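The values are calculated or read from the model by the stated rules, or taken from the named source; none is laboratory data. The structure presented is a predicted model; accordingly, all values stated were derived computationally and were not measured. Here the Cβ positions follow ideal geometry from the backbone for every residue, glycine too, while neighbour counts run over all protein chains shown. Calculation scope for accessible area: heavy atoms of the full protein, side chains included, ligands and nucleic acids excluded. Shrake-Rupley method; radii C 1.70, N 1.55, O 1.52, S 1.80 Å.
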Amino acid sequence: MLQNAFFTPVDEIIAQLDSDLEQGLAKEGIPERLKKYGPNQIPEEGSKKRWAIFLEQLLDPIIYILFAAAILAFIFSDKLESAAIFFVILISVTIGYFMELKAVRSLEALVKMGQTSTHVIRSGQRTHIKAAEIVLGDIIVLSPGDVVPADARLIHVDNLLVKESVLTGESFSVAKVTEPLPMNTPITDQINMVFRGTVVSSGFGKAIVTASGKHSQLGNIQQMGVDADKERTPLEKKLNRLSNWLIGLTLGIAGLIIVLGYFRGNDLFFMIETGVALAVAAIPEGLPIVATIALARGMIRLSKKQVIIKKMEAVQTLGATDIIFTDKTGTLTEDRMVVSAVIFDETYLDNLYQKEKSYYTSLKDKPVFDKMMMAGILCNNVDPTAINEQDDSIEVALIQFAIHLGYDPKIVKQNNLEILELPFDSALKLMATAHKKQGGYTVYAKGAYESLVDHCDFDVYGLGMSISEHKLLWNKKVDTLASQGLRTLAFAYKEEVELPTRANILNGLTFLGVIGFLDPARQDVKAVMDIYKKAGIKVIMVTGDHPGTSKKIAQDVGILEVDAIADKIRHGKDLKRIMEGADGNDLSLLKASVFARVGPEQKLNLISYYQRHGHIVGMIGDGINDVPALKKADIGVAMGVRGAEAAREVADVILKNDKFTAMELGIRQGRVIFQNIRQFVVYLLSCNLAEILTVGFAALLNLPAPLLPLQILFLNLVTDIFPALALGFGKGEKDIMEQPPQNPKGPILDQNDWISVVMYGLSISIAVLGIVAYADRILKFSAETINNMAFYTLVFAQLLNVFNIARHRGAFFVNEITTNVWVWGAILLSLLLTLGANLSTHLAAAFSLRMLSMEQLGYSVLFALGAMVLAQLFKRARI
Ligand code: ATP
């Protein structure tokens with residue numbers, strides 16, 4: 001990093017960092033600099049090492065128990081058994097390792113996808129790069145809404161205002177300069193610097209990077225808290241809680257079985273071993289990792305559809321979302337703004353975009369119209385020579401209209417140098433600029449009609465009407481434009497001898513007229529609205545725009561019915577009174593579908609209001625004014641192309657293709673994942689319960705031991721884990737978007753799920769105990785044969801159990817489980833592994849397996865099918 005950059009003159013900094021003011025750094029030199037300074041990340045940690053992931057697998061209580069069992073077996077029992085337990089440990093660790101590796105790598109890939117990006121000048125070209133690739137000496141370009149990627153010294157500013165609340169806690173914006181500052185200027189006063197993590201609220205700037213990554217001011221602050229434990233997702237916490245609860249329960253049951261078995265005359269070591277195997281069997285240690293993999297997979301699937309989930313827990317919250325707040329421009333509309341109507345004097349021009357060029361020639365000669373065009377060009381931050389995607393579309397439309405009319409915006413700007421700017425502010429809803437002219441200054445202003453009109457008089461028209469009569473007249477005109485869905489903007493100007501100040505720039509303006517912009521509703525939105533309706537999700541428009549415009553667009557996209565009643569559309573000015581006033585408990589706001597003329601703070605209050613009333617709120621926004629609301633919402637969704645960098649930074653989800661419809665994919669996937677997780681938890685627990693019940697009842701009923709400890713271990717590694725994983729990969733029920741949203745605060749398994757766990761577990765253990773009793777009492781087979789028949793029955797019954805997991809009372813043959821190819825793959829793999837264990841003489845001996853006759857295997861298949869039929873009967877008999 002470069003020390004005291006605020007004090008050093010720019011030329012010196014450029015020289016010291018071997019950069020170039022115009023050309024920036026040369027692209028070829030970047031890799032070397034990256035190596036030298038490290039990536040622009042906090043902390044600068046690389047990806048997780050493989051050996052660390054492997055070691056983590058060994059640091060697991062289950063593995064400790066297995067190690068203890070292996071050593072005990074080595075001392076008290078035969079060596080083969082001890083070796084077999086070590087083999088089991090190896091398999092378990094290997095599976096755990098690969099699953100964890102997959103999860104970790106997927107997460108790392110996702111983190112990379114969600115990284116912020118930034119504009120730099122390299123080799124003379126303006127390029128868009130990942131913020132992490134910034135190096136010392138880079139020349140960065142700053143525009144409104146950008147998040148500053150690294151600490152940098154300003155070399156050019158154009159009305160640059162930066163919000164530094166991350167560093168200073170102050171919410172106002174700081175005006176920036178380029179001149180060097182005295183040596184001991186405190187950081188809060190270093191106004192010729194921009195700092196990592198701060199946000200450009202308006203204006204433009206160029207700066208040279210002087211400190212990146214952990215050397216930046218924000219890096220210093222964050223470094224202090226870096227060792228704090230990474231926060232677990234709520235889902236992980238829930239799964240861990242469930243696991244811990246089950247561990248306690250299982251240990252209790254295992255202890256009971258050991259004691260019971262011992263008093264019934266069984267060998268103590270054998271009983272301890274059975275207890276250990278049962279404990280290992282029943283503890284669903286695979287749960288969190290299978291859940292992580294399912295989540296990561298869902299996230300990757302979504303990323304392929306242009307939906308980037310930045311935080312894992314967001315997937316689950318997406319599934320639970322029941323309210324979506326959305327802004328209007330660009331999200332519900334095309335954001336292809338064109339000037340459609342102009343009203344000035346008594347003139348009303350409409351459908352302008354359809355008119356021939358000749359239509360316009362006379363317009364330029366009308367002084368009021370000409371003034372409006374000057375305001376449109378000058379009170380405008382778009383660079384006419386370099387219009388880009390990030391530019392404000394309303395301002396772009398004004399420039400394009402002016403060019404179409406024969407104005408040259410570049411020349412107009414050159415001839416009317418800007419002296420002062422009151423930047424556009426979403427709360428004020430207007431903007432003004434002052435320009436030098438001969439003998440004085442001209443101020444141009446544009447903004448929402450209701451905001452601008454309060455600063456205006458109307459003497460330009462000289463119609464002899466009072467101000468209030470004028471206002472009434474213009475109100476009607478604006479309403480007419482708005483009712484057609486046009487976005488309206490009012491214009492005003494004044495001429496002054498003295499240089500205006502920020503405080504008086506809006507005083508005594510002269511009203512000029514109004515322009516209506518056409519921004520058609522997006523065609524694809526309406527279809528999604530229908531899906532949302534069925535899914536129990538309400539979409540609400542929150543916009544800074546005029547109520548009339550908002551209403552028309554809301555009707556066009558299906559948010560509002562055409563004959564919507566008045567309380568469906570609310571005006572920003574009523575909100576404060578209702579939310580904070582005496583009638584704070586007024587629930588009528590919950591009925592509204594459109595909130596018009598709301599500012600950023602009101603958006604925030606609305607979200608809190610809905611959250612207070614028990615809703616899970618998703619918010620789609622893209623402007624810098626949406627940032628607080630995006631943060632506050634349960635799910636913040638930002639647009640990938642149009643969105644301000646700051647909006648993308650705080651969002652949980654980024655829609656890379658800027659399509660409102662993509663959000664539906666996210667919600668669908670969120671629901672699917674949560675359902676998958678519930679399904680494999682039910683599956684794993686019912687399989688585990690089957691084992692516990694089988695061994696427990698056999699001990700109680702004095703039946704021959706149906707399962708040996710090592711067989712239980714084998715079952716858990718083979719029969720449980722693969723189908724569970726396959727369930728985690730499921731595509732979900734077809735009608736998942738016709739079900740109500742999930743309750744994110746509820747437990748993972750509800751009462752019905754627990755009943756399923758018990759029913760399926762019971763069915764399997766009845767079948768296994770049945771075959772043991774039948775083979776023992778009727779067929780009079782040997783103890784080894786009975787044990788093997790019980791083992792295979794359990795293997796088959798557990799594999800078939802996966803088909804019980806499909807939805808309650810759904811179709812049996814065609815459902816989300818039978819159509820999941822992963823499930824079939826998992827069953828095949830499990831069968832092959834069981835066969836493999838049987839074919840290897842050593843393994844077969846260790847697991848006490850032998851070749852059964854076809855008849856004996858047939859009995860196992862039959863009893864296993866019986867278990868499934870029983871489970872299905874239980875399932876379908878339920879109300
Ligand atoms: P939307 O939901 O349509 O995206 P928003 O909530 O982002 O709208 P703002 O962009 O804050 O709303 O705009 C609110 C109002 O401010 C607009 O209706 C318009 O009248 C005015 N306005 C918008 N952009 C500008 C601008 N660049 N200069 C001056 N006034 C503007």
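If only one of T127, T116, T168 is in the same structural domain as D18 (by TED's automatic domain parsing), open to solvent by 30 Å² or more (accessible area, probe 1.4 Å), in contact with a helix residue (DSSP H, G or I) (Cβ under 7 Å, 6 or more places away or on another chain) and without any contact (Cβ under 8 Å) to a residue 24 or more places away in the chain, which one is it? Write out each step before concluding.
Details: T127 fails: in contact with a helix residue (DSSP H, G or I) (Cβ under 7 Å, 6 or more places away or on another chain); T116 fails: without any contact (Cβ under 8 Å) to a residue 24 or more places away in the chain.
None of the other options fit; the residue is T168.
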Requested in this report: State all residues of the range 624-636 that are surrounded by fewer than 24 Cβ atoms within 10 Å (Cβ to Cβ), of a type outside the set (V, I, T) and more than 13 Å from the chain's Cα centre (by Cα); if no residue qualifies, say none.
Outcome: N625, P628, K632
Query raised in the report: Can you name the helices (runs of 4 or more DSSP H) wholly within the range 364-474 that have at least 2 residues being exposed (fewer than 14 other Cβ atoms within 10 Å of the Cβ) and either under 44 Å from the mean Cα position of the chain (by Cα) or among the polar types (S, T, N, Q) (or both)?
Result: 409-415
Report summary line: Scanning the range 737-766 residue by residue, those in contact (Cβ under 8 Å) with a residue 60 or more places away in the chain and over 15 Å from K875 (Cβ atoms) turn out to be M737, E738, Q739, P740, P741, Q742, N743, P744, P747, I748, L749, S765
Query - Test: E469 is within 15 Å of the ligand (Cβ to nearest atom) and charged (D, E, K, R) - result: no
Query raised in the report: Do any residues in the range 618-633 that are without any contact (Cβ under 8 Å) to a residue 24 or more places away in the chain have Cβ atoms under 6 Å from those of residues that are within 10 Å of the ligand (Cβ to nearest atom), where the two are at least six apart or on different chains, and which pairs are they?
Result: L630/G621
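For every residue, the table says whether it meets (1) more than 16 Å from the ligand (Cβ to nearest atom); (2) touching a Ser or Thr at 6+ places or on another chain (Cβ under 9 Å).
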| site | (1), (2) |
| --- | --- |
| G319 | yes, no |
| D327 | no, yes |
| V342 | no, no |
| D345 | yes, no |
Report summary line: Scanning the range 605-627 residue by residue, those at pLDDT 85 or above and either within 16 Å of the ligand (Cβ to nearest atom) or not assigned by TED's automatic domain parsing to the domain that holds K538 (or both) turn out to be N605, L606, I607, G618, M619, I620, G621
Requested in this report: Quick one: in the range 559-577, of everything that is buried (at least 18 other Cβ atoms within 10 Å of the Cβ) and part of a helix (DSSP H, G or I), which residue is modelled with the lowest pLDDT?
Outcome: L575
Query raised in the report: Looking at A877, A845, A837, which is the one that is among the aliphatic types (A, V, I, L, M) and either touching an Asp or Glu at 6+ places or on another chain (Cβ under 6 Å) or open to solvent by less than 20 Å² (accessible area, probe 1.4 Å) (or both)?
Result: A837
**Report entry** Given (1) at pLDDT 80 or above; (2) outside the structural domain of A291 (by TED's automatic domain parsing), number of the condition I258 does not satisfy
**Finding:** (2)
Report summary line: In the range 343-363, anything part of a strand (DSSP E or B) and either surrounded by 16 or more Cβ atoms within 10 Å (Cβ to Cβ) or not assigned by TED's automatic domain parsing to the domain that holds T488 (or both) is listed as I343, F344, L349
Requested in this report: Collect the residues in the range 540-554 that are open to solvent by 10 Å² or more (accessible area, probe 1.4 Å) and either among the small types (G, A, S) or more than 12 Å from the ligand (Cβ to nearest atom) (or both), keeping them in residue-number order.
Outcome: G544, G548, K551, K552
**Report entry** Given (1) in contact with a Leu (Cβ under 9 Å, 6 or more places away or on another chain); (2) at pLDDT below 90, index of the condition F517 fails
**Finding:** (2)
Query raised in the report: Within the set of pairs 6 or more residues apart or between chains, which connect a residue that is in contact (Cβ under 8 Å) with a residue 40 or more places away in the chain inside the range 432-451 to a residue that is basic (K, R) and more than 14 Å from the ligand (Cβ to nearest atom) with Cβ atoms less than 6 Å apart?
Result: V443/K494
Query raised in the report: What number of residues within the range 358-403 are under 28 Å from K328 (Cα atoms) and either of a type in the set (D, E, K, R) or within 16 Å of the ligand (Cβ to nearest atom) (or both)?
Result: 29
**Report entry** Any hit, the range 680-699, residues being in a helix (DSSP H, G or I), more than 30 Å from G623 (Cα to Cα), open to solvent by less than 40 Å² (accessible area, probe 1.4 Å) and charged (D, E, K, R)
**Finding:** yes
**Report entry** Extreme residue, surrounded by the most Cβ atoms within 10 Å (Cβ to Cβ), among residues of the range 69-98 that are closer than 21 Å to L55 by Cα and of a type in the set (S, T, N, Q)
**Finding:** S92
Report task. For A783, state whether it is touching a residue at least 12 places away in the same chain (Cβ under 8 Å), in contact with a helix residue (DSSP H, G or I) (Cβ under 9 Å, 6 or more places away or on another chain), surrounded by 17 or more Cβ atoms within 10 Å (Cβ to Cβ) and of a type in the set (G, A, S). Result -> no
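Just to be sure I understand, how many residues within the range 748-772 are of a type in the set (A, V, I, L, M) and at pLDDT below 90? Show your work before the answer.
Pass one, the range 748-772, residues of a type in the set (A, V, I, L, M): 748-749, 755, 757-759, 762, 764, 766-769, 771-772.
Filter again for at pLDDT below 90, leaving 748-749.
Final tally of qualifying residues: 2.
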Query raised in the report: Taking the range 472-489, which residues are within 14 Å of the ligand (Cβ to nearest atom) and of a type in the set (G, A, S)?
Result: A482, G485
Query raised in the report: Of all residues in the range 189-233, which are over 26 Å from P628 (Cβ atoms), modelled with pLDDT of 80 or more and under 27 Å from the mean Cα position of the chain (by Cα)?
Result: S212, G213, K214
Query raised in the report: Is it true that A492 is surrounded by fewer than 20 Cβ atoms within 10 Å (Cβ to Cβ) and either away from the ligand (no atom under 13 Å from the Cβ) or not in a helix (DSSP H, G or I) (or both)?
Result: no
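When you look at Y609, is it among the aromatic types (F, W, Y) and in contact (Cβ under 8 Å) with a residue 60 or more places away in the chain, yes or no? Even if it seems obvious, please write down each step before you answer.
Working: among the aromatic types (F, W, Y): yes; in contact (Cβ under 8 Å) with a residue 60 or more places away in the chain: no.
In short, no.
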